[in-house]
Amino acid sequence: MIRVGLMMRKNIKMEDVRLLHAFALFRGLEFFHFSSTDIDLDNRTILGNFWDVEKQDFIEKTAPYPHVILDHKLNWQTAPSRQKRLALQKAGVVLSWVNLGRKTKVYNILKNSPLSEYAIETHNVKDISLVDVLENQGVLIAKPNISNEGSGIYKLYFQGDGYLMHTKHEIKALTLTELLELEQTFRENEYIIQDFVYSRTNAKNPFDIKIYLVRSGEGGSWVTLPYFPRIGSSLGVVSSTVTGGNGYHFLNKFLEWEFGEDWKSIKSQLDDLVEQLPTVMQKHYNKTLNTLEVSVGIDRKNNNLKLFDISGTVGSCPYKKEMYMARLDTCNFLYENRPH
């Protein structure tokens, strides 16, 4: 029997944990959840929480390391936890999360691939001048080089002879001195600069299409959950539900409302992108990718798709049941294809 461990993190809900336990029981997996502090490196064991069917409650038991751990990038934020992660890997435990690296790495992969048309022009802030870019282009996006769940994003404008900064729902005028100070802050915090993509609805709200891909099909093939359009506030910079956006479950209707007769062509582009993306990405990583969370914008200037973000871990997913069932199937694939 395959042992699977779920590593807890701050933002996971217990109702979701119970759901995973129920699905694991249905799948015939030995399943438990635990925290970083429950790992005993000396004895190569974990104090885990198992579901007791008779008691209808969790019970604590010491268990050997699981074969596979469902983890998340948020589990490994501290130096001690990263040391434990390395020890688990050396012991042969398969960890589900694969770090795709910084946004500039992902951009370079896309830029030099058959999907280059979907890449947004990206620069390290250390390599450019905000003043020059703004005066040439009029508008730009600044964001952290490390995945940030939609936070810390700035939209900067050059209008007339002044500068404007748009963050979340606030627009503020900047002097040249303030802009240069902001540029220095960006450099100190590893920011990137990207071309602005006008991905807005007819009502001027920012939007994107969230796509979840999981390697859980037959033979480890990729399965795509339903596409999930997200619409933000008209005053917002991005459409993230974390920052106040709303999601919709009817992609075809959304595209038809927004793009009229062009919607089928756009949907076809999305399908083609999703089909190619896992193969393009996997070529650049030694570890087996098993989950991709993708954010796609549609530039209203020409209705072309643009990849806003690609992550190797799933944050908040609206299709919880489908995702959890798929992730447990992924554990079987990871176990069967583990390094020997």
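The values are calculated or read from the model by the stated rules, or taken from the named source; none is laboratory data. In this text the structure is predicted, and so the values were computed from the model without any measurement. Every residue, glycine among them, receives a Cβ derived from its backbone with ideal geometry; neighbour counts consider all protein chains shown. The accessibility values were calculated without ligands, DNA or RNA, using every heavy atom of the protein model including side chains. Shrake-Rupley method; radii C 1.70, N 1.55, O 1.52, S 1.80 Å.
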What dipole magnitude, in Debye to the nearest 20, does the range 247-298 give about its Cα centre under +1 on Lys/Arg Cβ and -1 on Asp/Glu Cβ? 300
The answer for GluC sites (Glu not before Pro) in the range 9-54 that fall in a DSSP coil and have at most 12 neighbouring Cβ atoms within 10 Å is E54
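Sorted from largest to smallest, which semi-axis lengths in Å does the alpha carbon gyration tensor of the range 111-261 give for its equivalent ellipsoid, taking the root of 5 times each eigenvalue?
With the √(5λ) rule applied to the range 111-261, the semi-axes are 31, 20, 14 Å.
Assign one of three labels to the range 167-240, namely rounded, prolate or oblate, based on the Cα gyration tensor with a ≥ b ≥ c the square roots of its eigenvalues; rounded applies when a/c is under 1.5, prolate when it is not and a/b is larger than b/c, and oblate otherwise. Walk me through the numbers before you get to the answer.
Numbers: a/c = 4.19, a/b = 1.79, b/c = 2.35.
Oblate, because a/c is 1.5 or more while a/b does not exceed b/c.
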How many percent of the accessible area of the range 40-111 is carbon or sulfur, using a 1.4 Å probe? 48
Quick query: amide H of V237 versus all other amide H atoms, modeled in the peptide plane; which residues come in under 5 Å with a sequence gap of 5 or more or a different chain? K168
The range 194-235 to the range 253-326: how many Å between their Cα centroids? 5
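Given just the C-alpha atoms of the chain, how large is their convex hull per residue in cubic angstrom? Walk me through the intermediate numbers first.
Details: hull volume 51.4 nm³, N = 340.
With only Cα atoms used, the chain gives 151 Å³ per residue.
For the chain, report the accessible area per residue in Å² (1.4 Å probe, heavy atoms, rounded to an integer).
Working: 16970 Å² over 340 residues.
Ligands and nucleic acids excluded, the result is 50 Å² per residue.
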For E54 and Q77, compute 0.36 nm times the residue count separating them, minus their Cα-Cα distance, and round to one decimal in nm. 4.6 nm
Expected vector for the range 68-76, Karplus 3J(HN,Hα) from phi with 6.51, -1.76, 1.60 and θ = phi - 60°, integer Hz, x for Gly and Pro, equals 9, 10, 7, 10, 8, 4, 5, 6, 10
Virtual spin-label span in nm between T104 and D195, 7 Å along Cα→Cβ: 2.0
Quick one: dipole size for the range 248-340, taken about the Cα centre, charges +1 on Lys/Arg Cβ and -1 on Asp/Glu Cβ, in debye to the nearest 20. 300
Compare the Cα positions of G219, F250, A203 along the charge dipole of the range 194-281 (+1 at Cβ of Lys, Arg; -1 at Cβ of Asp, Glu; about the Cα centre) and return the one farthest towards the positive end. A203
Dipole of the range 87-239 (Lys/Arg Cβ +1, Asp/Glu Cβ -1, origin at the Cα centre): which of S233, G160, V125 lies farthest to the positive side? S233
Could you give the DSSP H helices of the chain that reach 30 angstrom or more along their long axis (alpha carbon positions) and whose average Kyte-Doolittle hydropathy is no lower than -0.5? none
So how far apart, in nm, are the two label points at R18 and E170 if each is 7 Å from Cα heading toward Cβ? 4.0
Taking the chain as a Gaussian network, where each spring joins two C-alpha atoms under 10 Å apart, which residue of K283, K103, K155 fluctuates the most? K283
At 0.36 nm per residue, and after removing the present C-alpha to C-alpha distance, how many nm does the segment from A87 to N11 gain when stretched out fully? 24.9 nm
Karplus couplings for the range 197-203 from phi (6.51 cos²θ - 1.76 cosθ + 1.60, θ = phi - 60°), rounded to Hz, Gly and Pro as x? 10, 7, 9, 10, 6, 4, 8
Amide H neighbours of H33 under 5 Å, at least 5 residues apart or on other chains, H built in the peptide plane: list them. L6, N49
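Please give the charge dipole size of the chain, origin at the Cα centre, charges +1 on K and R Cβ atoms and -1 on D and E Cβ atoms. Round to the nearest 20 debye. Please list the in-between numbers first.
Values: 41 positive and 40 negative charges, 126 e Å.
Approximately 600 debye in magnitude.
In whole percent, and with a 1.4 Å probe on the protein chains, what portion of the accessible area of the range 122-255 is carbon and sulfur?
Details: 3160 of 6370 Å².
Reported share for carbon and sulfur atoms: 50 percent.
Full extension from D127 to K111: what is 0.36 nm times the residue separation minus their Cα-Cα distance, to one decimal in nm?
Details: separation 16, 0.36 × 16 = 5.76 nm, distance 1.77 nm.
Residue separation times 0.36 nm, minus the Cα-Cα distance, leaves 4.0 nm.
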Can you tell me what the convex hull of the Cα atoms of the range 238-338 projects to on average, as an area in nm²? 7.8
Given H placed on each backbone N at 1.01 Å, which residues far from T45 in sequence or on other chains put an amide H within less than 5 Å of it? D40
